[in-house]
Every structure is written in C-alpha cells, then in structure tokens.
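The values are calculated or read from the model by the stated rules, or taken from the named source; none is laboratory data. Just so we're clear, the structure is a prediction, and the values are computed from it rather than from any experiment. Glycine gets a Cβ as well: all are built from the backbone with ideal geometry, and neighbour counts include every protein chain shown.
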Amino acid sequence: MITSRNGRNGRYAVLLAVCLALIAYFSYHAVEGGHGLHRRAALAKQIALLEAELAALKHERLRIEHDVALMTERARTDPDVLDEQARALLNYARPDDIVVLRSPAAAK
C-alpha cells in the first residue's frame, strides 16, 4: 500500500482538529462547568455569606444561653417565675387557665 504525502497531511490535519476540539472542550468546562472557575467564585461568595450568618447565629445562641442561665438562677428561688415567663413568651396557656381577652383600645 502506497500512501501519498497529501493523504498523510490530511490525516494530521484531522488529528490536529480533533486535539484542538478536545482542548477547547476541556478548557470551556474548566472555566464554565459545574466545577469550573466561575462556580468556584460563586461558592466562595456563598461561603462568606454563610459564615457571616453562622457568626450571627452563634452570637444569638450565646445571648439565649445567657438569658437561660439568668432564668435558671431565678427559677431556683421561685419555680413559678420560670413557668410564668415561658407561658408569656410562648403565648401558651394551660387547659385550666382562665383567659381574658381585651381589645387594644381597652389595653391603653
């Protein structure tokens, strides 16, 4: 089988085109894909927002723990205080409680 130089150049051109297409494909997905550079930047921004939210929640938790510690100290001296505060904050009543509803105008 005798091949001419033109046939070989054609095959090299096809091989080169395929290699360039693969490089372009992988380059595109390295930048724009699901795990690409743009997605990484978006995730970094989301991480920063969530870390700020986590810091705020930790601060809120410390405040609540402090309030609970204060309530616990008061509850040791008078257990009814804790029950009264919990029902007032949670807006709950016992089944045997008598609830008197007032209009906002009468409350003033």
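Here are a few things to note about the model shown:
- Flag if Ala86 is surrounded by 10 or more Cβ atoms within 10 Å (Cβ to Cβ) and in contact with a Phe, Trp or Tyr (Cβ under 9 Å, 6 or more places away or on another chain): yes
- Hey, Arg61 surrounded by 10 or more Cβ atoms within 10 Å (Cβ to Cβ), modelled with pLDDT of 95 or more, more than 16 Å from the chain's Cα centre (by Cα) and charged (D, E, K, R) or not: yes
- In summary, Pro95 fulfils each of the numbered conditions (1) exposed (fewer than 10 other Cβ atoms within 10 Å of the Cβ); (2) part of a helix (DSSP H, G or I) with the single exception of condition (2).
- Flag if Glu73 is within 36 Å of the chain's Cα centre (by Cα) and surrounded by 10 or more Cβ atoms within 10 Å (Cβ to Cβ): no
Residues are listed down the side, and each one gets a yes or a no for (1) modelled with pLDDT of 95 or more; (2) surrounded by fewer than 10 Cβ atoms within 10 Å (Cβ to Cβ); (3) in contact with a Ser or Thr (Cβ under 6 Å, 6 or more places away or on another chain):
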site	(1), (2), (3)
Ile2	no, yes, no
Arg8	no, no, no
Ile23	yes, no, no
Ser27	no, no, no
His35	no, yes, no
Gln46	yes, no, no
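- Among residues of segment 51-72 that are free of Cβ contacts under 8 Å to residues at least 12 places away in the same chain and within 18 Å of Ala86 (Cα to Cα), none has a Cβ under 7 angstrom from a residue that is of a type in the set (Gly, Ala, Ser) and assigned to a helix (DSSP H, G or I) at a sequence gap of 6+ or on a separate chain.
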